[in-house]
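Here is the structure we will look at, set down as structure tokens.
What follows is calculated from the coordinates using simple rules that are stated; it is not laboratory data. Everything numeric here is computed off the predicted structure, so don't read it as measured data. Here the Cβ positions follow ideal geometry from the backbone for every residue, glycine too, while neighbour counts run over all protein chains shown.
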Amino acid sequence: MKALVLGATGFVGREVVRQLRVRNDYVVAHIRPGSGQRAQWLERWGELGATVDESPWDATALAAALAAHAPDVVFILIGTTVKRAKGDGVDGDIYQRVDYGLTKVACDAIRLSKLGCRIVYLSSVGADVQARSAYLRARGQAEAEVKQAGVPWAIARPAIITGDREDSRPGERAGAIVGDAGLAVVHWFGGKTLAARYRSTTNDVLAAALLRLATVTPADQIFDGAALR
Ligand SMILES: NC(=O)c1ccc[n+]([C@@H]2O[C@H](COP(=O)([O-])OP(=O)(O)OC[C@H]3O[C@@H](n4cnc5c(N)ncnc54)[C@H](OP(=O)(O)O)[C@@H]3O)[C@@H](O)[C@H]2O)c1
């Protein structure tokens, strides 16, 4: 498999890159130009044997990168948080601009490139264009872009992603602990499917599931937490 990973520097993306390289797949890891951690990532990916792409977040530039690398699968694993957006100087509706906006750029690039690849898109449980939460609404809109990109797709909707993050996210960790405890009770009382859908997952387990979604047939399916273990 030849894969392009957008969001390769993220908590999930870095594990997807690592697992693909362990399988000896050809991997292009994307890093945004101007990243403060460029040197570290180039070293890490060099050690792993991944190719690096530094195209700007622009549909024409990304389309050219797609044409050059011709991946079979494009992983879109991007998104921001309030803290990160602040550091990046992103204001306004941050989820519209990053989670939705960059996914749209990626889908536009795929359309422009006329490449016959598959998209594996990392979304979230509860993604819905009608959601009250700005984050879940943006995720719903991003999913709609993915479905309209003109290529086969697979969408993953995990619940909270836990593990050994460099940026501590105490809210997420606490949410995972409390949520998982409640779901253990739900499971005990027979709600196995419900519990599996909402239980937290780790970045390595999720990455392995995303790799499976790159080839699962038929394409054009949404996978909830229960299917991502
Ligand atoms: N955390 C959870 O519990 C959870 C649960 C369900 C779904 N999700 C979704 O899954 C996505 C990926 O999760 P993750 O934990 O891997 O996220 P992450 O570690 O925050 O990684 C996000 C990726 O998006 C890139 N990015 C963020 N802002 C950007 C910007 N303004 N311009 C260009 N690139 C930008 C980052 O690049 P840099 O490294 O250059 O900043 C990084 O590669 C999340 O965005 C989230 O919406 C998360």
task = Enumerate by residue number the chymotrypsin sites (Phe, Trp or Tyr not before Pro) in segment 120-197 meeting two conditions: DSSP loop (anything except H, G, I, E, B), and at most 14 other Cβ atoms within 10 Å of the site's Cβ.
result = PHE189
key: Hull volume in cubic angstrom per residue (convex hull over the Cα atoms of the chain)   = 125 Å³
task = Kindly flag which residue pairs out of LYS83/LYS104; LYS104/LYS192; LYS86/LYS114 have an alpha-carbon separation exceeding 29 Å in this structure.
result = LYS104/LYS192; LYS86/LYS114
message = For segment 15-75, which trypsin sites (Lys or Arg not before Pro) pass both filters: DSSP loop (anything but H, G, I, E, B) and at most 11 other C-beta atoms within 10 Å?
response = ARG23
message = Give me a comma-separated list of calculated 3J(HN,Hα) values for segment 121-130, in order, Karplus coefficients 6.51, -1.76, 1.60 applied at θ = phi - 60°, integers in Hz, x for any Gly or Pro.
response = 10, 8, 10, 8, 4, x, 4, 6, 4, 9
task = Exposed loop GluC sites (Glu not before Pro) only (DSSP loop, at most 16 other Cβ atoms within 10 Å): please give the longest stretch of the chain free of them, not including the sites.
result = 55-165
task = Could you tell me the largest-minus-smallest coordinate of the C-alpha atoms of segment 1-100 on each of the three principal axes, in descending order and whole angstroms?
result = 41, 27, 19
ask   = Name the trypsin sites (Lys or Arg not before Pro) in segment 126-206 that are in a loop by DSSP and that have at most 15 other C-beta atoms within 10 Å, would you?
value = ARG132, ARG165
query = Just how many % of Cα pairs in segment 155-207 lie over 19 Å apart, if you round to the nearest whole percent?
reply = 29 percent
ask   = When the dipole is taken about the Cα centre of the chain, and only Lys, Arg (+1) and Asp, Glu (-1) are charged at their Cβ, what size is it in debye, to the nearest 20?
value = 380 debye
query = Fully extended, how many nm does the chain gain between ASP224 and GLN130 (0.36 nm per residue separation, minus their Cα-Cα distance)?
reply = 32.0 nm
